[in-house]
Amino acid sequence: MKTPDKKSALSEIDGINQPDTLSIHAVQQIQKLRKKQPSAKELIDGILKHDKVALSRAITLVESTNPEHLSKANEVINGVLPNANKSVRIGITGVPGVGKSTFIEAFGKHLTSLGKKVAVLAVDPSSTISHGSILGDKTRMEELVKDENAFIRPSASGETLGGVARKTRESIILCEACGFDTIIIETVGVGQSETAVHSMVDFFLLLKISGAGDELQGIKRGIMEMADAIVINKADGDNINKAKLAKTEFNRALHLFPAKKSGWIPTASTCSSYTKEGINEVWNTISDYLELAKSNHYFQEKRKDQNQFWMMETINEQLKSNFYNHPEIIELIEQNKKAVQNDEMSPFAAAVSLLEKYFK
């Protein structure tokens with residue numbers, strides 16, 4: 001009697017053939033949908049209906065560096081503009097590690113509990129080497145991101161000066177038109193970004209932590225001079241007494257600055273994003289400021305000045321973009337770079353020759 005062949009344990013047993021897992025029809029449908037871009041009117045209608053998907057797509061459009069998208073982005077902005085400018089814009093900054101994202105989540109959840117609709121525009125730093133950005137703010141604000149009355153949009157800072165995303169100003173307008181009445185702009189906290197954010201918000205909040213050795217540095221001009229309030233974060237556990245001491249030191253420093261045009265006197269306070277202690281007081285401070293600024297018309301005048309400032313900034317940005325994308329300049333700039341590197345031409349003479357060629 002012949003012994004049957006012993007099959008390997010790794011052999012496949014004959015059975016029902018599985019159908020192809022990849023449907024060509026499904027792939028074609030997906031590709032078709034991806035290629036289809038909504039028109040400017042569709043984006044405008046979606047934003048005015050408070051559609052977050054339309055808002056996200058519109059922000060992507062205005063952030064695009066593709067010259068072909070510029071006119072469409074401007075059409076969307078102009079289309080929603082009559083429905084914008086009805087929010088409170090709050091800028092929040094602080095050094096890395098101060099707990100900006102944790103604070104914004106606690107603060108944002110407090111605002112939504114009061115019936116506010118909150119949009120967070122978080123600017124993440126881009127690597128100067130790989131030019132990439134983590135964009136991890138949604139991960140760090142896991143509770144706020146699930147809130148129906150909240151919208152979080154992280155954007156890479158790119159090559160813009162100081163780390164403020166190039167189109168943050170336009171993104172604010174889009175969020176306002178989409179029905180968000182409180183806009184929070186988080187900066188990367190690396191210097192000149194604060195100046196740019198200060199020029200697009202109504203209230204500028206500076207986050208600090210105690211024990212960092214900078215309490216007495218408060219007398220220095222700069223960001224302290226721009227702040228409408230200082231909040232010492234992480235005032236919990238063993239850190240409470242240190243935070244109270246820092247609060248006293250900062251309040252002393254704030255009195256050394258000249259009075260603000262708004263008539264507002266900045267103050268320092270403490271809070272804990274972990275225990276939520278002091279979060280309500282932060283909103284009360286902002287509310288008091290808004291009441292004062294609107295009553296003496298400073299709020300409206302500041303908005304007008306900001307609009308004028310951003311018009312000039314847009315002109316400067318567009319001129320710079322046109323210069324570097326000019327066909328003849330692209331070719332000549334490489335030649336001049338080599339001439340400068342080889343000491344055949346001074347950097348200033350090289351720049352002047354390029355500008356003269358561009359303006360001919």
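Bear in mind these aren't lab numbers, they're just calculated from the coordinates by the rules spelled out. Computed from a predicted structure; not experimentally measured. No Cβ is skipped: glycine too gets one built from the backbone with ideal geometry, and neighbour counts run over all protein chains shown.
What fraction, in whole percent, of alpha-carbon pairs in segment 230-319 exceed 24 Å separation? Working shown, then result.
Details: 1688 of 4005 pairs.
I get 42 percent for the Cα pairs in segment 230-319 exceeding 24 Å.
What does the extension gain come out to for residue 359 and residue 295, with contour length at 0.36 nm per residue minus their alpha carbon separation? It would help to have the intermediate numbers written out before the result.
On the way: separation 64, 0.36 × 64 = 23.04 nm, distance 4.77 nm.
Contour length minus the Cα-Cα distance gives 18.3 nm.
Provide 68, 225, 249 in ascending order of the number of other Cβ atoms located within 10 Å of each residue's Cβ, fewest first. Can you show the working numbers first?
Working: 68 7, 225 13, 249 19.
The order, fewest Cβ neighbours first, is 68, 225, 249.
Give the order of 359, 323, 204, 250 when sorted by the count of other beta carbons within 10 angstrom, beginning with the fewest.
Values: 359 7, 323 15, 204 22, 250 25.
Ascending number of Cβ neighbours within 10 Å: 359, 323, 204, 250.
Given the C-alpha centroids of segment 230-279 and segment 287-334, what is the distance between them in whole angstrom?
Rounded to whole Å, the Cα centres lie 31 Å apart.
Using a 7 Å offset from the Cα along the Cα-to-Cβ direction at both residue 315 and residue 49, what is the distance between the two label points in nm, to one decimal?
About 4.0 nm separates the two model spin labels.
Can you list residues from other chains, or at least 5 along the same chain, whose modelled amide H is less than 5 Å from the amide H of residue 155?
122, 123, 124
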